[in-house]
Amino acid sequence: MKFIIIILKILILIIPLLIAVAYFTVAERKIMGIIQRRRGPNVIGYAGLLQALADGLKLFVKETILPSNSNLIIFLLAPIICFFLSLVGWAVIPFSHQVVISDINLGILYLFAISSLNVYSILLAGWSSNSKYAYLGALRSTAQMISYEISLGFTILSVVVSAGSLNLITITESQSKIWFIIPLLPMFMIFYISMLAETNRHPFDLPEAESELVSGYNVEYSAMIFALFFLGEYANMLLMGAISSILFLGGWLAPPFFFSGSFWLVLKILIGCVFFILTRATLPRYRYDQLMQLGWKCFLPLSLGYLIFTTGILISFNFLPN
């Protein structure tokens with residue numbers, strides 16, 4: 001009976017998540033169409049609302065082409081790992097006090113472990129494709145994700161020190177008086193920019209640079225195995241939006257004079273999604289040396305310095321949580 005309840009909880013989370021990922025792609029195309037003064041998807045269904053289903057059906061019925069020189073087992077395993085990891089990270093995301101699949105005390109470390117493993121799926125995809133473009137894209141992505149994970153770690157440590165816990169529910173509840181975005185505003189800005197690099201999104205989409213690498217690490221993929229990478233990327237964006245909302249924007253906590261609830265966390269995730277779309281529509285792509293310089297020479301010392309500053313303030317005024 002307990003096993004069935006766990007399965008139901010997982011399905012209740014994953015099915016709306018997959019629907020959200022599908023309509024995230026439609027929203028992105030529509031918002032970018034508005035910004036660029038053109039029409040987005042508007043043919044299939046009312047105002048193009050069934051476009052996501054049509055895209056999914058198209059990818060499902062297309063022929064899967066397997067490169068003859070590739071390592072087939074690893075080639076097929078890489079997108080499955082990417083898609084699986086993009087879903088299991090949601091297990092510790094609390095939508096309210098009770099609405100969470102697994103309330104563990106080391107929730108932050110769990111998310112760190114999942115995000116670190118994402119590198120392997122991309123590296124395996126690039127290597128197993130036996131294509132120079134895919135391999136270069138995989139190497140770029142690996143270097144980029146590892147570089148920005150360090151600054152992400154220091155920004156999250158600032159939140160952990162301020163909240164005195166690695167538990168995501170405790171971190172959210174510690175923001176009942178003031179959201180961490182106010183005292184930790186520089187960390188919030190570094191986190192949001194690093195979030196773009198971590199998910200390989202514009203303007204840091206160097207691993208998928210169409211003008212240089214044709215499509216990067218997924219250039220040899222087609223049909224449903226390509227769709228798994230596609231779904232994993234957008235699910236990761238939603239996950240990063242949820243993490244940023246919990247760490248800096250109070251999670252499910254509402255602004256003053258409103259009732260708190262899961263609605264507020266979903267709304268904050270949607271705002272994060274709009275941020276992803278606006279950056280893609282407005283900013284030019286970084287050069288790769290600029291990308292690495294920004295991560296190692298700007299964000300790393302800034303995030304480390306602000307962590308030391310935050311800890312010093314808390315110790316000086318005896319504000320460290322018990």
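Applying the criterion of at least 2 residues that are buried (at least 16 other Cβ atoms within 10 Å of the Cβ) to the helices (runs of 4 or more DSSP H) found wholly in segment 206-303 leaves 223-248, 262-282, 288-293. For segment 176-193, filtering for residues that are in contact with a helix residue (DSSP H, G or I) (Cβ under 8 Å, 6 or more places away or on another chain) and either buried (at least 18 other Cβ atoms within 10 Å of the Cβ) or part of a loop (DSSP other than H, G, I, E, B) (or both) leaves 11.
Being in contact with a Ser or Thr (Cβ under 6 Å, 6 or more places away or on another chain) and hydroxyl-bearing (Ser, Thr, Tyr) is the filter here, so list the residues in segment 106-161 that pass it. Those that are in contact with a Ser or Thr (Cβ under 6 Å, 6 or more places away or on another chain) and hydroxyl-bearing (Ser, Thr, Tyr): SER128, SER129, TYR148, SER151, THR155, SER158. The single residue among LEU109, LEU77, LEU87 that is open to solvent by 60 Å² or more (accessible area, probe 1.4 Å), assigned to a helix (DSSP H, G or I) and under 25 Å from LEU270 (Cα atoms) turns out to be LEU109.
Among the numbered conditions (1) assigned to a helix (DSSP H, G or I); (2) of a type in the set (A, V, I, L, M, F, W, C); (3) open to solvent by 30 Å² or more (accessible area, probe 1.4 Å), tell me where ILE101 comes up short. Condition (1) is where ILE101 drops out.
For segment 92-118, the set of residues classified as over 15 Å from GLY251 (Cβ atoms) and touching a residue at least 12 places away in the same chain (Cβ under 8 Å) consists of ILE101, ILE104, ASN105, LEU106, LEU109, TYR110, PHE112, ILE114, SER115, SER116, LEU117, ASN118, listed by residue number. Looking across ILE269, ILE243, ILE277, ILE313, one residue alone is modelled with pLDDT of 85 or more and touching an Asp or Glu at 6+ places or on another chain (Cβ under 8 Å). It is ILE277. Going by the conditions given, is LEU196 at pLDDT 85 or above, open to solvent by less than 20 Å² (accessible area, probe 1.4 Å) and closer than 16 Å to LEU283 by Cβ? The answer is yes for LEU196. SER131 meets all of the listed conditions (1) crowded, with 22+ Cβ neighbours inside 10 Å; (2) at pLDDT below 85; (3) not β-branched (Val, Ile, Thr) but one, namely (1). Test GLY56 against the stated conditions and say whether it is under 24 Å from the mean Cα position of the chain (by Cα), of a type outside the set (A, V, I, L, M, F, W, C), more than 23 Å from ASN236 (Cβ to Cβ) and assigned to a helix (DSSP H, G or I). Spelling it out, it is not the case that GLY56 is under 24 Å from the mean Cα position of the chain (by Cα), of a type outside the set (A, V, I, L, M, F, W, C), more than 23 Å from ASN236 (Cβ to Cβ) and assigned to a helix (DSSP H, G or I). Within segment 39-74, the residues that satisfy the criterion of being without any contact (Cβ under 8 Å) to a residue 60 or more places away in the chain, open to solvent by less than 50 Å² (accessible area, probe 1.4 Å) and hydrophobic (A, V, I, L, M, F, W, C) are ALA47, ALA52, ALA54, ILE74.
The values are calculated or read from the model by the stated rules, or taken from the named source; none is laboratory data. The model shown is predicted, which means the values in this text are computed figures rather than measured ones. Virtual Cβ from ideal backbone geometry, glycine too; neighbours counted across all protein chains shown. Calculation scope for accessible area: heavy atoms of the full protein, side chains included, ligands and nucleic acids excluded. Shrake-Rupley method; radii C 1.70, N 1.55, O 1.52, S 1.80 Å.
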